[in-house]
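None of the figures in this text is laboratory data; all of them are computed from the coordinates on show. Remember, predicted model here, so these are calculated numbers, not experimental data. In this analysis, Cβ positions are derived from the backbone assuming ideal geometry, glycine residues included, and neighbour counts consider all displayed protein chains.
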Amino acid sequence: MESILHHIKVSQKQNLAVLIDPDKFNLNNTSQFIDKVNKSIATHIFVGGSTVKDYATEKLLKIIKPLTTLPIVLFPGDILQVSEEADAILFLSLVSGRNPEYLIGQQVKAVSKLRDSKLEVIPTAYILIDGGKETSTQKVTNTKPLTNVLEIVDTAKASELLGMQLVYLEAGSGAKKEVSTKIIEAVKNNINIPLIVGGGIRSKLAIENAFKSGANMVVIGTAFEEDETFFEELKK
Ligand code: 1GP
C-alpha cells in the first residue's frame, strides 16, 4: 500500500476521514455504517477516542477491516488503542499542552508495541484549539486549548522544525465552533507539512471552507454519528 502520509501530501483530491469512536459506536450497526462510508466521498477511516474501554478499539478494527478497502488510521487517545489491525497510526504528541504524559510519556510507553510493528507511524503535532466548550480530551489530558493565532502558528511551526510530519488542528469532538478559517490559513501559510483539521464540522460549507483555507484533510465524527443522512448530503 502507498504510504498514507505521502498520499495526503501529494493528492490533489480532498481527503475526508470519517472518525469512528469505539466508545460511542453502536456495533450492531457496523456493516450498515461502513457500507455508507464506502459509498461516500470519504477517503480514510480514523478509529480512536480519548476515553475508550480496554481493547474496544482493536475489537472494532477487526470487524471493520474486512468491510472496507479504505485505509484505516489509528487515532489513539492512549496506548491501549495501539493495534496492528489498522494500516497506520497518528503518533500524536499533544504539543498545545504542557502535560509531559501526553507530550512524550504515552509515546515512550507505546514503543514496546510499535518496535516490531507493521503500522505506518506518522509523527503528528496535535494542537487543541478552543472550540467553545471543554472537551473530553482536555479533561483527560488536563490541558487547555489554544486561542491565540500567533501561538497556534508558532506551535505548528515548532513542531515542523522538530521533525513532525503532520499538524492536526483539533477543535474537539462535538465542538460548538470548528477551527476558524483564519487559523487554518495562518497555520497553512507557515508550514510545509500537511494539515489536518477536525472537530465540530457539521456542514458541507464548513468542509469546503476548511479545504479552501488550506486543510489537506478534514475529519468528521459527530455529524455522521448523529445523522447518517449527512453521507448523502455530501454527495450533492
Ligand atoms: C476529529 O475530534 C474530531 O478531529 C471529530 O470531531 O466529532 O466534532 O466531528 P467531531
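Summary table below
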read-out	value
Amide H partners (placed H, <5 Å) of residue 120, local residues excluded	88, 89
Cα-centre dipole for the range 4-235 with unit charges at Cβ (Lys and Arg positive, Asp and Glu negative), debye to 20	240
Amide hydrogen neighbours beyond the local backbone of residue 77, cut-off 5 Å, H modeled	49
Summed side-chain charge close to residue 205 - residues other than residue 205 whose Cβ falls under 14 Å, Lys, Arg +1, Asp, Glu -1	+2
Eligible aspartates and glutamates near residue 182 by straight Cα distance, threshold 15 Å, same-chain separation 8 or greater	130, 151, 154, 170, 208
Restricting the range 66-120 to trypsin sites (Lys or Arg not before Pro) in coil, as DSSP defines it, with at most 12 other Cβ within 10 Å	98, 115, 118
Amide hydrogen neighbours beyond the local backbone of residue 166, cut-off 5 Å, H modeled	125
Charge-dipole axis of the range 27-158 as Lys and Arg at +1 and Asp and Glu at -1 on Cβ define it, positive-most pick from 57, 137, 79	57
Most mobile listed residue (150, 80, 103) in the chain, GNM with C-alpha springs under 10 Å	150
Given 9/157; 133/212; 36/204; 65/118; 133/235, the pairs whose alpha carbons are separated by over 19 Å	133/212; 133/235
Rounded to whole Hz, the Karplus (6.51, -1.76, 1.60) HN-Hα couplings of the range 37-43, x for glycine and proline	4, 4, 8, 8, 8, 4, 10
Packing-based exposure ordering (other Cβ within 10 Å, fewest first) of 224, 75	224, 75
The chain: radius of gyration over Cα atoms, expressed as a fraction of 2.2 N^0.38 Å	0.93
Note, ³J(HN,Hα) from phi for the range 49-65, Karplus 6.51, -1.76, 1.60, rounded to Hz, x at Gly and Pro	x, 7, 10, 10, 5, 3, 6, 5, 5, 4, 4, 5, 4, 4, 6, 6, 3
Cleavage-rule hits, chymotrypsin sites (Phe, Trp or Tyr not before Pro), the range 27-73, DSSP coil, Cβ neighbours within 10 Å at most 13	55
Separation of alpha-carbon centers, the range 197-235 and the range 115-136, rounded to whole Å	18
Whole-angstrom Cα spans of the range 105-236 along principal axes, big to small	43, 32, 28
Dipole magnitude of the range 1-100, debye to nearest 20 (Cβ charges: Lys/Arg +1, Asp/Glu -1, about Cα centre)	300
Förster-model FRET efficiency, 25 Å R0, residue 111 and residue 65, C-beta, rounded to 0.05	0.55
